[in-house]
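What follows is a single structure, written as C-alpha cells, with notes after it.
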Amino acid sequence: MLVQDVMQSKVITITPKTTLPEAISLAQRRGVRHLPVLDEGKLVGIISDRDLKRAMASSATLLDVHELHYLLDRLSVDEVMTRGVITIGPMFPVEEAARLMVSEKISALPVTEGGHLVGIVTETDVLDLFVRAMGAGEPSSRLDVVLGERPAALAEVVEAVERTGVTIASIMTLKNREGLKEAVIRVGTINPGSAIRALEAKGYTVRESWRGAASEA
C-alpha cells in the first residue's frame, strides 16, 4: 500500500494569520487534530491540538481571564505553529510514513507533490490499515508461531495450516523479544484447535493464541 491509498485528501487548512480561537474552533467543528498552515498555497507549518492546548495553558498561567481573552483573540497561528514541517510524497510506501512518524515522534505527515499539499496521513490512518491488513475486524483467531531458524519454516507452517481446511487471512513475520523469528498468523475461524494441533505435531511452538470472538462451545 502507498501513502496515497490511506491519506486523507480533503485537508482542512489555515493561514499563518488565523487566530488561536479560530483554529481551535475549526479543529473542534471538523473533528481534526492537525491543521496544515498554508501561506499563498505554500506549506509553511502545521499545528496540532497539542500545540493549541500548550499555547492556551502557557498563556493561562500568566494572565487573568480578561487579559487571557484579549491576548488569545490576537494571538495568531504563526506564533505557535511547528515550522520546518516533515512531509512525505503520495507514492511512498505506508511503512515509510509509519517509520517517519515513529522516528520523529510525530503523529501526522502532510503529503506533498510538486510543492503542493495533496493530503495528510495520520497515525490513525496507519493503525486503521494495520487492523484491516491483519484481519482483526473479522471473526478470527491469531496464532503466534515460533519459526526459529528452521529452513523453509514459513512454507511448512502455511502448508500445515491449510491442510486442516483453516483459511489464512494474513501473515506477518518478525522477531520476538527473545530474538526468535515468529509468524503472526490470522486465521478465519474462532476455533483454531485443528490448526494448532497440526503445527504442534510438526514441532512448532504456538503461543498466545487469541480469538477475535467468543469461542465455540
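The values are calculated or read from the model by the stated rules, or taken from the named source; none is laboratory data. All figures in this text were calculated on a predicted structure; none of them were measured in a lab. So basically every Cβ, Gly included, is an ideal-geometry build from the backbone, and we count neighbours across all protein chains shown.
A few remarks follow.
- For the stretch 18-41, residues that are of a type in the set (A, V, I, L, M) and either in a helix (DSSP H, G or I) or at pLDDT below 95 (or both) total 6.
Yes/no per residue for (1) in contact (Cβ under 8 Å) with a residue 40 or more places away in the chain; (2) within 30 Å of Thr82 (Cβ to Cβ); (3) polar (S, T, N, Q):
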residue	(1), (2), (3)
Glu113	no, yes, no
Gly135	yes, no, no
Glu138	yes, no, no
Arg142	yes, no, no
Ala155	no, no, no
Val158	no, no, no
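- Qualifying residue in the stretch 55-76 (condition: modelled with pLDDT of 75 or more, in a helix (DSSP H, G or I), buried (at least 16 other Cβ atoms within 10 Å of the Cβ) and under 28 Å from the mean Cα position of the chain (by Cα)): no
- Residue tally, condition more than 20 Å from His116 (Cβ to Cβ) and either assigned to a loop (DSSP other than H, G, I, E, B) or without any contact (Cβ under 8 Å) to a residue 24 or more places away in the chain (or both), over the stretch 80-93: 1
- Residues of the stretch 1-17 satisfying the condition of being part of a strand (DSSP E or B) and under 18 Å from Ala97 (Cα atoms): Leu2, Gln8
- Matching entry among Ala160, Ala98, Ala183, Ala169 (being under 30 Å from Val11 (Cβ atoms) and buried (at least 16 other Cβ atoms within 10 Å of the Cβ)): Ala98
- Of all residues in the stretch 97-115, none satisfies being over 25 Å from Asp51 (Cα atoms) and of a type in the set (A, V, I, L, M, F, W, C).
- Listed by position, the strands (runs of 3 or more DSSP E) inside the stretch 94-171 whose residues that are in contact with a His (Cβ under 9 Å, 6 or more places away or on another chain) number at least 1 are 108-113, 116-122.
- Enumeration of residues in the stretch 192-205 that are surrounded by fewer than 15 Cβ atoms within 10 Å (Cβ to Cβ) and either under 25 Å from Arg132 (Cβ atoms) or of a type in the set (A, V, I, L, M) (or both): Ala201
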